């Protein structure tokens, strides 16, 4: 778990609440992202605004592929920092997203995909691929899971018995089937913004309901606002359900 916070991050700028001023390091949350390692693949999900510091803190050695859930700023604005991996790996990095996200990336990072004649510095070397269904990266089979982030269609991802579903407030019927097929998921990382309802994110109670409906062994919540203190919230959650935190390592 590279980052577990909202688009503002925690602490939020200018906030003196109990969570933003907490001495507990698990209450410090950078923007949401995860990093998956298999025997043969190193996969980054989203290039968060805080990606450079996340890569340093977690000692990320390489990136074989990048998956994008959607194109909101907190999920893509660290994209330029992957050029260091281009240098170390001496080659481009494949990036996977839906068509709308790819179009947004081309527009937001026009200097990368439509560079000027005069280049003053290094540019990320990226190869964009549109997600059209399940596919394989080395030994990892990736199943895209369509979700709704308010009115915006976004993607979650399933890898074996693990699923990552951030920035969502509704799971369509056909995606429930993707999550329960082949024995279902056992471990899930799921959006849970705060106690109060929100128009584009699951609340804490809604996320608990999703985890219980899926019958997962372990559920970790992400995209957490400064409304939820780590220790106090975990003390109220059911067994097998807890808040994620930056630097959490899961074996799946």
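Enter the angle in degrees (range 0 to 90, nearest 10) between the Cα long axis of helix 204-214 and the first principal axis of the Cα atoms of the chain, meaning the one along which they spread out most.
90
Compute a Gaussian network model of the chain, connecting alpha carbons closer than 10 Å, and tell me which residue from 52, 239, 31 fluctuates the most.
239
Taking every DSSP beta bridge that has both residues in the chain, what percent is antiparallel when rounded to the nearest 5? Kindly include the intermediate steps, with their values, before the conclusion.
Details: 21 of 44 bridges.
Counting only bridges with both partners in the chain, antiparallel ones make up about 50 percent.
Roughly what angle does helix 99-108 make with the longest principal axis of the chain, taking Cα atoms, 0 to 90 degrees, to the nearest 10?
Relative to the chain, helix 99-108 is tipped by roughly 60 degrees.
Need one number: nm distance between label points at residue 135 and residue 252, each 7 Å from Cα along Cα→Cβ, rounded to one decimal.
In this crude label model, residue 135 to residue 252 measures out at 1.9 nm.
Below 8 Å between Cα atoms, with a sequence gap of 6+, how large is the relative contact order for the stretch 75-184 in percent?
Contact order relative to length: 20 percent.
For the stretch 25-243, what's the relative contact order in percent, using C-alpha pairs closer than 8 Å and at least 6 residues apart?
After rounding, I find 14 percent.
Which order do the peptides 13-21, 144-152, 54-62 come out in when sorted by mean C-beta neighbours inside 10 angstrom, highest first?
144-152, 54-62, 13-21
Output the Cα-based Rg and Dmax of the stretch 102-231 in Å, rounding Rg to one decimal and Dmax to a whole number.
Rg then Dmax for the stretch 102-231, in Å: 17.7, 55.
What's the center-to-center distance, using Cα atoms, between the stretch 183-252 and the stretch 1-62 in Å?
Cα centres, the stretch 183-252 to the stretch 1-62: 16 Å.
Which option, (1) 28, 22, 17; (2) 33, 23, 20; (3) 29, 19, 18, is the value of semi-axes √(5λ) of the Cα gyration tensor in Å that was calculated from these coordinates?
The listed entry that was calculated here is (1).
Taken together, the values in this text are just the output of simple stated rules run on the coordinates, not laboratory data. The structure presented is a predicted model; accordingly, all values stated were derived computationally and were not measured. Cβ atoms come from the backbone with ideal geometry, glycine included; neighbour counts cover every protein chain shown.
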